[in-house]
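The values are calculated or read from the model by the stated rules, or taken from the named source; none is laboratory data. Everything numeric here is computed off the predicted structure, so don't read it as measured data. Here the Cβ is made from the backbone with ideal geometry for all residues, glycine too, and neighbour counts use every protein chain on show.
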Amino acid sequence: MFSAFDERMMQRAIELAALGRHTTQPNPCVGCILAQGERIVGEGWHRKWGEPHAEPLALQAAGAETKGATVYVTLEPHSYQGRTPPCTDALIRAGVRRVVIGVLDANPKVSGDGVRQLQAAGIDVQVGLLAEAARELNLGFETRMITGRPRVIVKSAISLDGRIALANGQSKWITGAAARADVQRLRSRMSAVLTGIETVLADDPQLNVRDPSIEMLGRQPLRVVLDSKLRMPRGAAMLKLAGETLVFTAAGGSQANAADHLRDAGAELVVAESDAEGRIDLDFVLAELGRRMCNDVLVEAGPTLVGRILQLGLADEIIAYIAPVLLGPDARPMANLAALQALDQAQRYTMHSVERIGDDVRLTLRRRSPA
């Protein structure tokens, strides 16, 4: 069904799409190639939300050589008028002969409709080339389109015995400089970074991207703090930075003057629903972040909040930076979890990747799908 040349072209389109991983939020990353026979005549990738999509950029690069061309695109061409015109219309007008698609768009406004429009115009459409690699580009976007909430990634820097800090709270630094730089790159691909008030009070984190080598085009991830009683200091470091800080609080859990002080300092406050134990409802938080078009949320928090997220099954992925150091039984754990009585009660994850980062190891785990 697909030739070796087809595969090379889709791989190239995937590489192009990945160039937009820091800048396209909340849109998906997309790459596109136009070829005449086995000769590339145009390339394009979606660079930034609100700007032209990959397909019209590739068509523009191809110039007069679009008629009869084969198009390789990582994601189904979008088929409705949004901030930009439909890509399907552009492809049809250009007279392309064949469109090879990595994966269908999970957006219900598009899913399958882009294919139908192209086929109705007499274009040969094939779907599924290097589908898993193409899908990996936009897992958060896909999650939001299907569930209405973002993809949740829990990140922790831990010792070999699963500890994140000494009993006195000291944690700088468990992992090395290379791992910390890798976290900057990870943050740059996120829509939001989420933490709890205890982490804010203990560490005063910035939760931003501080590596000048990463091209952000001015975009910083949304900083999100769960603070049921509004204890966040007005002078918190993150409130002094460019970008937005969103604070979720509980109804009746704060005084009006505390809310006014935080708003004056630049924070946006959202009164969240509470769960059965009176804590901020995490499902409410994720639904609100999904409504704000967040695709990927990175959780950088202490053991209490991480434990809640894991026990509720809300983590789609865990990224652990593991340092070759032992901190002992009194050190603080990665997550506070309920005691188990049997091994079959344990949460299990699928090993996605293992990579050495400097002197440390980055372990990426994915939540197992139900059997």
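Just one of the listed residues (Ile92, Ile101) is assigned by TED's automatic domain parsing to the domain that holds Ile14, surrounded by fewer than 20 Cβ atoms within 10 Å (Cβ to Cβ) and either in contact (Cβ under 8 Å) with a residue 60 or more places away in the chain or over 17 Å from the mean Cα position of the chain (by Cα) (or both), namely Ile92. Here Tyr80 meets the list (1) in contact with a Lys or Arg (Cβ under 7 Å, 6 or more places away or on another chain); (2) touching a residue at least 60 places away in the same chain (Cβ under 8 Å) almost entirely, failing just condition (2). Of Arg210, Arg223, Arg219, all but one fail to be closer than 29 Å to Gly278 by Cβ, in the same structural domain as Val297 (by TED's automatic domain parsing) and basic (Lys, Arg); the exception is Arg223. Screening the candidates Leu310, Leu365, Leu314 for the property of being under 15 Å from Pro150 (Cα atoms) and modelled with pLDDT of 95 or more yields one hit, Leu314. I want to confirm something. Restricting to region 323-359 and keeping residues that are small (Gly, Ala, Ser) and under 30 Å from Glu136 (Cα atoms), which single residue is farthest from the chain's Cα centre (by Cα)? Ranking the qualifying residues of region 323-359, first place goes to Ala346.
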